[in-house]
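Student: Handing you a structure now.
Please treat every number below as a calculation from the coordinates, not as lab data. What you are looking at is a predicted structure, and each value in this text was computed from that prediction instead of being measured. Please note: Cβ atoms are built from the backbone with ideal geometry, for glycine as well, and neighbour counts cover all protein chains shown.
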4 protein chains.
Amino acid sequence: MPAKKPLNIGLVGYGFMGRAHSNAFLQAPRFFETDYQPILEAVCARNAERAKSFAQNWGYESVETDWRALVNRADIDVIDIASPNDTHAEIAIAAAQAGKMVLCEKPLGRSASESASMVSAVESNRVANMVWYNYRRVPAVMLVKHLIDEGRFGRIFHYRAKFLQDWTISQDLPQGGEGLWRLDADVAGSGVTGDLLAHCIDTALWLNGPLREVTAMTETFVKERKHNLTGRVEPVRIDDASAALGRFQNSSLATFEATRYARGHKALYTLEINGEHASAMWDLHDLHRIQFFDHRDEGRLRGWRSIHVTDGDHPYMKRWWVPGLQIGYEHTFIHQFADFLTALSEGKEAAPTFRDALATDHVTDAILKSAKTGRWEQVVSVP
Amino acid sequence: MPAKKPLNIGLVGYGFMGRAHSNAFLQAPRFFETDYQPILEAVCARNAERAKSFAQNWGYESVETDWRALVNRADIDVIDIASPNDTHAEIAIAAAQAGKMVLCEKPLGRSASESASMVSAVESNRVANMVWYNYRRVPAVMLVKHLIDEGRFGRIFHYRAKFLQDWTISQDLPQGGEGLWRLDADVAGSGVTGDLLAHCIDTALWLNGPLREVTAMTETFVKERKHNLTGRVEPVRIDDASAALGRFQNSSLATFEATRYARGHKALYTLEINGEHASAMWDLHDLHRIQFFDHRDEGRLRGWRSIHVTDGDHPYMKRWWVPGLQIGYEHTFIHQFADFLTALSEGKEAAPTFRDALATDHVTDAILKSAKTGRWEQVVSVP
Amino acid sequence: MPAKKPLNIGLVGYGFMGRAHSNAFLQAPRFFETDYQPILEAVCARNAERAKSFAQNWGYESVETDWRALVNRADIDVIDIASPNDTHAEIAIAAAQAGKMVLCEKPLGRSASESASMVSAVESNRVANMVWYNYRRVPAVMLVKHLIDEGRFGRIFHYRAKFLQDWTISQDLPQGGEGLWRLDADVAGSGVTGDLLAHCIDTALWLNGPLREVTAMTETFVKERKHNLTGRVEPVRIDDASAALGRFQNSSLATFEATRYARGHKALYTLEINGEHASAMWDLHDLHRIQFFDHRDEGRLRGWRSIHVTDGDHPYMKRWWVPGLQIGYEHTFIHQFADFLTALSEGKEAAPTFRDALATDHVTDAILKSAKTGRWEQVVSVP
Amino acid sequence: MPAKKPLNIGLVGYGFMGRAHSNAFLQAPRFFETDYQPILEAVCARNAERAKSFAQNWGYESVETDWRALVNRADIDVIDIASPNDTHAEIAIAAAQAGKMVLCEKPLGRSASESASMVSAVESNRVANMVWYNYRRVPAVMLVKHLIDEGRFGRIFHYRAKFLQDWTISQDLPQGGEGLWRLDADVAGSGVTGDLLAHCIDTALWLNGPLREVTAMTETFVKERKHNLTGRVEPVRIDDASAALGRFQNSSLATFEATRYARGHKALYTLEINGEHASAMWDLHDLHRIQFFDHRDEGRLRGWRSIHVTDGDHPYMKRWWVPGLQIGYEHTFIHQFADFLTALSEGKEAAPTFRDALATDHVTDAILKSAKTGRWEQVVSVP
């Protein structure tokens, strides 16, 4: 084994996503063959004490409390942005201008125009970039991608996806501040459209190509909540639920839905694709399976196959355990980072790039616009 | 057991639905306590030979080849319409005018205006009437209705339903004529919107109240098919797929979808309702179960309960076998007809009446209109 | 359609099974092509009033209160025995001697020796005979049989079946008398071994051939119950639970289990067969499906197929509705009786014959014996 | 955060289990609060080159090729045995005598007598010890344990478990040598009884208490295989399949089965427990769920709850992600090692100890003995 090249990482944010990314940095080189050895060089957060504690736990070698300082450190190769949505653009642009590679949590910006400026920054500065739409790297979802690319579905008729949660039903839940910034429109940009539906759309565009047009509705069920930062009851300005109909460029039909008001569902991201010859379904609550129906099977023995995606010939799985033994949520980040390192070695882009994520933002923008106009809205295409 | 009162039935149509209804007439009084004894008095169809064969098999005592003759027979109490959609209005109106009770297959008419004339006829002639939206009488679906009526869901946030089939994907399938009139727009009125989505909407209105407005899309994937009656390749004018977003009067959100192009699904009617306190799901492919989630269960033991609706305290089930032993599709018609007989004894209406079915037609009309205008359309309300 | 030949049926018993059989007599000729028209000629039960009520409901033309009178009526072609187990042998033997065809509920006798005398009677009098092991006629189970007969499984390694119920857990449940004779050892012969495990074994012998030897355990969890006939608390002498290991003649391994103490299961009859090339599973709670795994499928797309056995090319199903619409428990009796009528037309035996059922009784006898001796017991083979 | 105490680990073996354990050493202190910081001090394997490569990948600071050298190193606190079964006893005894804590893969020894000598060594030398029966630490399984301990099941009637695989069906698979020592009786001790059934039994004893007696059968389907070490076709002396009936000391009934010949199952470890008031089921292929039935639920709403064991109030889960996001197989080792560290801090034993594992070995010994004698065998009890 030749020595690996060090890759120094500076992380911004120490929340849920900071943990998931840090774990990926540590695990990827142990389970995948990589030319690079990620070094946890620095973590940055305004709260110095918490940042130190996080650094100690994960093995970060230093701590910053100002992201500008981090971005300008000469020893950093990669800036990884895991802080709230309203910080993405500023940090990413500064990092790109400083010549750093940039990894960014999704959604890229709070709107397509914000995202466009980020795309411009990374492309004009020619820095490697990637957005953490991690669900592409679920082995079962990647298997669906392979099957589509092999032409097994024939003409596609339908694509449907939904992302259902139930954690904001209580009227007593406040908005804003740590852990609850996703309910604060200024910080998050939008509600479930950018948080949940964006995942559905990223996967859809990747699997089934661009969307041409959408019509949509959104709803805010609880109209006012106490705001944690002001202490006052304030109007809720995010969307609690969002649903859209659409048409893909390949003429197939789309139905999308996301909500935080579906009692009984914690993180039920489901997708289904129906083609001329075959169909497939996937569900985040049983993420290691796909349901697959092949019409070319013998007539009386046709059925939905429950494929336990844990065999050595399934995507990513030969790097893990033995057939039948499953992996979990965090592995999607490990896979994505391992793919990033491979792309780096090969001088290629690692998808989804900022540009790919911009295409998703144009869809969510069109959905939010349609929800206001009540009309079909064209989706701006990304070359 | 006192002698039962005879109830003479005249059936129009000997197809799939003619069989399902005839079976219901015979089975209902054996498994349910009824004051009436249905008599299979006559079956009517243009093809005399087939009508005779059908009569012999099911025990109909006579045969007619002209529905006008049937409608005017003095010995007939009930006209049951199981012929294609384009015959419903004319027969139903004539039957009502002749003072007969009228049972009609769904959808009621080919449009709300056609249905409105039928409602007018049965109401002005004060005859008992019912539409065979049979899925209300699945024990599992009826159980959901009971739970809603008991207030167990609290405020409703979401209602979603779909009806997926795959039987018209082949381009070689012709349109029109026996067995295929559902693809002929003149006969059927519409495609999946009236055939499949109408079931979803009937159940939705019954469970969750009136819809206020909808936006929708429809699609015809295969544009031309040979027409069995003309022998020529002709444009297909029905909708192969239909999807809608909507808002109920109770402010909950609706998503509906129906298609005959979902490979792998034969008759996958699914519905889900998400409320403040509870959620429920049902699926026609496993029609004897509901999935029920109750948020008031102890936290760490919350889960979706798979309730096998076969116990004696479940709707209709004490009349059948023992717990654990399931019933099937045809039983929904038996239940509906048993309920009709009970209502007759009690001098009440049996739901869904023609008026109830008209409400569904106003929704499907609004969906078809929106699919053309690209706008949200208000649903005409039925008092 | 030529006129059908009448077949006059005399039924003994009006309980659960009397209803299931009567329904089969009425429905079989409506849904299947048969040369015979079953006539519900007479029903026999000691309680004249109940018998009359039953006759009126189902259309039996006469009533008897002494089965000997029924057996000797010249107008009866078929005696159908649906009364408790302790009456089977005497009635069946008398019926055979009177030259009647004999249908008998399972288990055939209370022991193999009782059953052997019944086999002898029907065979020496050369009368058609059949035992109502109805689960063979579930379409999904019949499909498994076809797949085995086609050699799709290759060498069989494992066969496992269980039948789990929970209806006798309460200590307050009495034993004996109407509805509870299955807890009375004198009437029932044994407990779950003859009642539930016998179903598992009948199917197993049919699908996988004879069993060579077994070792077993039984248990009576509740040792004493009030006896409904004596009014006294008496020892319970039936087995509440029964489990066995065994070896088939084809060298595959068997595991069997039945109980009435499995909380949460109402009638969970499950079977699974594992072969060199394929495996299949079935479950009475979702009786219209099989799970099928074929190792010859492409490696990374292997999975258990959930086959919804409702298509026209599935056993029995083209006689019912359309693909995707399921049937239920009672249809197994309809299918079995339709097969009986077909066999009668063709001059063949309808399985399972009394002789087939005797083979099952030899297995259950060996299981009950092993539970006492603690040793492996050889299964007496039936030529 | 106070500095953690270092805990120097010496690992023997670099195979599948070596990876799983190493991952646990690294991950446990990141996700759980521990007083100790495991140090990967040395890995030992005969093949120096592979050992070095393994050390480099996982961060072991040194390499040994003789386990005796490792055991005698003063800088080692814990010896972790992840080498084939025939090495367990010798290494564990030497390690205990050298005063090291000992962690050992399961099964403990190749027989109860071998295991007894290991128990004696760790207990007489008073060293901390634990066996890697990792499935106890699946959150869903731990939840079942908690429910049992709370008395929610009432009297237990049934416990059934099976472990089904299909990887040795091909006759062309050789036996012996790297990756295939589990088929070599001298190395493995037994076949599926020690490899798979032992897992079932460890969990069963833990959840439901000691077994009193068993009767069993084993089978070797493929009688001869090429031996990788000798190059010759040799008799296969392990058991390919194993099944047992048993009685627990609490009078409940046991059924156990394990096989490597169940086509379609990769690692299907399932368990079910039926009690007076409640039942639970679990399945390794969907390890993040339990199915739970509570008879005290309202009658018509009773059903098996599918509990997605991913909430913060579920065992171990608050240390991971957010509700709905699942973990996988490897986490069971992380949990077990975290529990070991906690026990160490608290001066307690971490279950299962060597003594606990000896109890399992007495059951597997009784099963293997019964398979030979054809009789019920008493299980030697472990005080």
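Student: Assuming R0 = 35 Å, can you tell me the calculated FRET efficiency for the pair residue B:97 and residue B:57, based on Cβ-Cβ distance, to the nearest 0.05?
Tutor: 0.65
Student: Tell me whether chain D comes out rounded, prolate or oblate; compute the Cα gyration tensor, take square roots of the eigenvalues as a ≥ b ≥ c, and use a/c under 1.5 as the rounded threshold.
Tutor: oblate
Student: What is the dipole size for region D:274-367, taken about its Cα centre, with +1 at each Lys and Arg Cβ and -1 at each Asp and Glu Cβ, in debye to the nearest 20?
Tutor: About 300 debye.
Student: Okay, next question. Roughly how many debye, to the nearest 20, is the charge dipole of the protein assembly as shown about its Cα centre, given +1 on each Lys and Arg Cβ, -1 on each Asp and Glu Cβ, and no other charges?
Tutor: 0
Student: In addition: Under 12 Å from a point placed 7 Å out from the Cα of residue D:155 along the Cα-to-Cβ direction: which residues of region C:208-237 have their backbone N that close?
Tutor: Only C:220-225 pass the distance filter.
Student: With an 8 Å cut-off on Cα pairs and a minimum separation of 6 or more residues, tell me the relative contact order of region C:225-383 in percent.
Tutor: Once divided by the residue count of region C:225-383, the mean separation gives 9 percent.
Student: Which stretch or stretches of region A:252-279 have amide N atoms under 16 Å from the point lying 7 Å from residue D:297's Cα along the Cα→Cβ direction?
Tutor: A:264-265
Student: Can you find, among C:31, C:17, C:214, the residue sitting farthest towards the positive end of the charge dipole of chain C, where Lys and Arg contribute +1 and Asp and Glu -1 at Cβ?
Tutor: C:214
Student: May I ask you to derive the FRET efficiency for residue A:250 and residue A:223 from their Cβ-Cβ distance with R0 = 45 Å, giving the value to the nearest 0.05?
Tutor: Rounded to the nearest 0.05, the efficiency is 0.70.
Student: Right, something else. In a GNM of chain C with a 10 Å cut-off on Cα contacts, which of C:74, C:89, C:188 has the highest mean-square fluctuation?
Tutor: Sorting by GNM fluctuation, first place goes to C:74.
Student: Suppose a student asked you for the relative contact order of chain B, using Cα pairs under 8 Å spaced at least 6 residues apart; what percent would you report?
Tutor: 19
Student: Under the rule of -39500 (n - 2.57) per DSSP H run of 4 or more residues, summed and divided by the residues of the protein assembly as shown, what mean residue ellipticity at 222 nm is obtained, to the nearest 500 deg cm²/dmol?
Tutor: That comes out to -9500 deg cm²/dmol.
Student: Can I ask one more? Of the DSSP beta bridges with both residues in the protein assembly as shown, give the percent that are antiparallel, rounding to the nearest 5.
Tutor: 60
Student: Using a label point 7 angstrom from Cα along Cα-to-C-beta, what distances in nm, from shortest up, separate residue A:16 from the other copies?
Tutor: In ascending order, 3.4, 4.5, 4.9 nm.
Student: Can you give the % of DSSP beta bridges in chain C that are antiparallel, to the nearest 5?
Tutor: 60
Student: Which of rounded, prolate, oblate describes region C:12-100, given a ≥ b ≥ c as roots of the alpha-carbon gyration tensor eigenvalues and a/c under 1.5 marking rounded, otherwise prolate only if a/b is larger than b/c?
Tutor: Oblate is the answer for region C:12-100, as a/c is 1.5 or above yet b/c matches or exceeds a/b.
Student: Let me confirm one metric for peptide D:263-272, namely the mean number of other chain beta-carbon atoms within 10 Å of its residues' beta-carbons.
Tutor: Per residue, the average neighbour count from other chains is 6.
Student: Ranked highest first by average number of other Cβ atoms within 10 Å, how do C:173-182, A:246-255 line up?
Tutor: Result, highest mean Cβ count within 10 Å first: A:246-255, C:173-182.
Student: On to the next question. So the label point sits 7 Å from Cα along the Cα-to-Cβ vector; using that for residue A:33, what distances do you get to the other copies, in nanometres, sorted shortest first?
Tutor: 4.3, 6.4, 7.7
Student: Whole number please: convex hull volume per residue of the Cα set in region D:169-295, in Å³?
Tutor: Taking the convex hull of the Cα positions in region D:169-295, it is 118 Å³ per residue.
Student: With unit charges on the beta carbon (Lys/Arg positive, Asp/Glu negative), name the residue among C:130, C:177, C:154 whose Cα is farthest towards the positive pole of the charge dipole of region C:102-191.
Tutor: Value: C:154.
Student: Can you list the distances in nanometres, one decimal and ascending, from the residue C:90 label point to the identical position in each other copy, with the point 7 Å along Cα to Cβ?
Tutor: Label-point separations across copies, in nm and ascending: 6.6, 7.4, 9.6.
Student: Hey, for a label at residue C:90 modelled as a point 7 Å past Cα toward Cβ, could you say which residues of region C:1-26 have their backbone N under 11 Å away?
Tutor: Output list for this probe position: empty.
Student: Here is a further query. Could you tell me which residue out of A:270, A:280, A:241 lies farthest along the dipole of region A:240-383 toward its positive end? Charges go on the beta carbon: Lys and Arg +1, Asp and Glu -1, centred on the Cα centre.
Tutor: Working it through, the farthest residue towards the positive pole turns out to be A:241.
Student: When the dipole is taken about the Cα centre of chain C, and only Lys, Arg (+1) and Asp, Glu (-1) are charged at their Cβ, what size is it in debye, to the nearest 20?
Tutor: 460
Student: Along the axis that rotates chain D into chain C, which residue of chain D has the nearest beta-carbon, and what is the gap in whole Å?
Tutor: Nearest Cβ to that rotation axis, in whole Å: D:215, 3.
Student: Label the protein assembly as shown by shape, choosing from rounded, prolate and oblate, from the square roots a ≥ b ≥ c of the eigenvalues of the Cα gyration tensor; if a/c is under 1.5 it is rounded, and otherwise prolate applies when a/b is larger than b/c, oblate when it is not.
Tutor: Judged from the Cα gyration tensor, the protein assembly as shown comes out oblate (a/c at least 1.5, b/c at or above a/b).
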